Amino acid sequence: MNRRNLLHRTAAAALFGLAPSLKAAKALPDSSLLDTNAEEYWKRIREEQFLLPDWRAFLNNGSLGVAPRPVLDAVTDYLSRGAGLLMDEYPRWGYETLDEERATLSAFLGCKKDELAITHNATEGLSMISAGLDLKAGDEVVMTDQEHPSGKAGWHRRAQRDGIVVREVPIPHPPKSWDQLAEIMVSAIGPKTKVLFFSGILSPTGVIMPVRQICDAARAKGVICVVDGAHMNGQIALNLSEFNCDYYAGSPHKWMFAPAGCGILYIREENLDRLWPTIVTGGWDDKALKAARFMKVGTNNKAIMVGMMAGLQFMKSIGPERIYNRIHSLAKLNYSMAKSRPWLEILSSEDDRLYGSLVTISFRGANAKPLWELAAKRKIWIYGSERLRISTHIHTRPKDLEAFYATMDEALGHKAA
Ligand SMILES: Cc1ncc(COP(=O)(O)O)c(C=O)c1O
């Protein structure tokens with residue numbers, strides 16, 4: 001916190017009796033601990049940087065991530081200062097262009113500031129893309145058969161309203177290779193295909209798609225490439241410009257430590273004027289604003305933006321590569337635990353380059369209800385039905401995975417091999 005903010009906070013607390021903010025986060029452990037005792041490093045990260053109680057095994061980061069203490073502090077500090085009327089700037093976003101925030105975010109995401117709009121979530125960005133493109137009856141949108149409802153729905157709305165055609169292509173699980181996945185997507189392009197839409201990381205199975213390979217081939221055929229990146233930013237290293245896609249929408253509140261309600265929308269520079277904004281107020285047609293035109297959405301809570309920037313800072317302070325290595329090694333451990341139980345089917349690829357931190361299993365038709373009940377009783381946070389996607393983030397402990405599999409064995413009456 002800078003000196004001015006500290007003074008504001010102290011003055012606000014004194015004047016208005018504001019509650020002190022959450023117990024401040026401790027400094028990160030020294031990274032040299034990673035070399036000497038990595039488990040201790042990550043244990044301290046969980047205990048000192050997150051509010052997760054010790055008894056909670058949280059394995060559903062894929063739905064919504066957990067904001068660490070510095071993020072919660074940033075949000076509450078901002079709200080406290082606003083409540084004390086001690087802010088120099090208007091405490092909102094929705095009419096503002098947030099240039100500073102977008103410059104920082106775009107540097108991290110590998111695109112230009114003017115290609116990046118801040119939204120509330122991937123659903124919103126994906127809806128803006130599907131609603132905002134000029135498409136006419138008979139135009140075809142091709143997508144995988146593993147798209148999240150938030151990605152598919154916008155195209156189906158266009159089908160009902162404007163008569164476009166939506167076609168799904170089946171993705172094998174587990175897939176064999178990136179070449180196989182690229183071949184499936186690119187060979188599905190037909191004479192009427194105008195848009196190829198797919199998730200960069202497939203929601204049901206956690207499979208990482210070969211985004212660049214697909215976009216290179218599809219764009220060379222004049223097809224618009226739209227990527228649902230809800231699970232990408234924060235889970236794996238990415239560079240939006242190198243993806244060579246036309247549009248991308250993401251949800252930093254999943255893997256980038258942002259508070260709920262943070263989204264990003266990437267619009268490749270040459271497409272900026274082609275997309276019609278969906279939510280509009282003054283400035284909606286000011287093309288000089290570039291991507292910021294799509295942020296003119298009316299009054300919103302700036303504290304959430306401040307939280308998102310704190311989440312990005314948290315990620316950078318630990319180091320995105322260290323984070324990836326940790327969450328991926330936990331995913332490999334998860335995979336191996338599933339593999340040792342032959343009654344499970346693993347839907348993620350055996351090739352660990354094809355998954356980051358999400359591994360999906362299914363129960364081969366067995367009734368998994370006893371598992372959901374016992375896991376809930378033991379405070380193991382999962383969400384599944386006939387299949388289960390397990391997420392590992394930096395607060396996940398190996399013992400959380402062990403507790404989950406032991407619970408599964410017990411609930412379903414199996415013994416590990
Ligand atoms: C692939 C994919 N796209 C979009 C979404 C929607 O994300 P949000 O609820 O953050 O808008 C999800 C949510 O899980 C998802 O998995």
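The values are calculated or read from the model by the stated rules, or taken from the named source; none is laboratory data. Since this is a predicted model, take the numbers as computed values, not measurements. Ideal geometry is used to build each Cβ from the backbone, glycine not excepted, and the neighbour counts take in all protein chains shown.
Structural remarks
- Residues of the range 183-203 satisfying the condition of being of a type outside the set (S, T, N, Q) and either within 24 Å of residue 233 (Cβ to Cβ) or crowded, with 24+ Cβ neighbours inside 10 Å (or both): 185, 195, 196, 197, 198, 200, 201, 202
- Considering (1) buried (at least 20 other Cβ atoms within 10 Å of the Cβ); (2) touching a His at 6+ places or on another chain (Cβ under 9 Å), the lone condition that residue 352 does not fulfil carries the number (1).
- Lone qualifier among 44, 3, 56 - being over 19 Å from residue 301 (Cβ atoms), outside the structural domain of residue 253 (by TED's automatic domain parsing) and at pLDDT 95 or above: 44
- Any hit, the range 125-134, residues being under 30 Å from residue 168 (Cα atoms), surrounded by 15 or more Cβ atoms within 10 Å (Cβ to Cβ) and away from the ligand (no atom under 16 Å from the Cβ): yes
- Any chance residue 331 is under 23 Å from residue 57 (Cβ atoms), aliphatic (A, V, I, L, M) and not in a helix (DSSP H, G or I): no
- For residue 389: the one exception among (1) assigned to a loop (DSSP other than H, G, I, E, B); (2) closer than 21 Å to residue 208 by Cβ: (1)
- Restricted to helices (runs of 4 or more DSSP H) entirely inside the range 183-292, those with at least 3 residues that are within 18 Å of the chain's Cα centre (by Cα) and touching a residue at least 60 places away in the same chain (Cβ under 8 Å) are 252-255.
- Verdict on residue 257 being out of contact with any strand residue (DSSP E or B) (no Cβ under 9 Å at 6 or more places or on another chain), within 16 Å of the ligand (Cβ to nearest atom) and either within 30 Å of residue 99 (Cα to Cα) or hydrophobic (A, V, I, L, M, F, W, C) (or both): yes
- Considering 114, 99, 88, the condition of being buried (at least 17 other Cβ atoms within 10 Å of the Cβ), of a type outside the set (Phe, Trp, Tyr) and more than 16 Å from the ligand (Cβ to nearest atom) is satisfied by 114 alone.
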